[in-house]
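Chemist: One structure follows; several queries about it will come next.
Laboratory data are not the source of any read-out in this text; all were calculated from the coordinates shown. Please read these numbers as outputs of a predicted model, since none were measured by experiment.
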Amino acid sequence: MARRDTRGTASDVRLGALVAAHGFVPVQAVRDALDEQARDAEAPALGQILVARKLLGSEQVEELLFEQARRAGRGAGRLLGAVLLEQKAVTAAALRAALAEQARRRREGQVVALGVLLVAWGSVTEKEIARALDAQG
């Protein structure tokens, strides 16, 4: 299986920085988790590693991911999910479910766009996706 494109990217580094900045997990523990990802192409996402090691709860990871999305949404190239939430086009619960499904499919080697999932599930309309994509910049 191909290595997931989110591993070892700025996205994971930012999540690790958020975890450490909030004081939830020691910096060395975050580094160890990132090292695990670098060694193993099948390793789960950073948040999943920290939950498995009982360093964070899954709800803490969700909140940190939303904070990461909000921070990313302040500049150009905002995340689609962040824009949809800002526009109140999708609920946080629907977005979480779609992101979890997207991650599950990635682990299985499938690539599916977030917007495609949300439209297929009836969480948003194609028009709302188009509006959000335009707003992404």
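Chemist: Over the Cα atoms of region 78-137, how large are the radius of gyration and the largest Cα-Cα distance (Dmax), in Å?
Modeler: 10.9, 31
Chemist: Hey, what do the phi angles of region 21-27 turn into as Karplus ³J(HN,Hα) couplings, whole Hz, using 6.51/-1.76/1.60 and θ = phi - 60°, x for Gly and Pro?
Modeler: Running phi through 6.51 cos²θ - 1.76 cosθ + 1.60 with θ = phi - 60° gives 4, 6, x, 6, 9, x, 4 Hz.
Chemist: To continue, here is another question. So who's got an amide H within less than 5 Å of the one on Leu56, skipping anything under 5 residues away but keeping other chains? H placed 1.01 Å off N, in plane.
Modeler: The answer is Val51.
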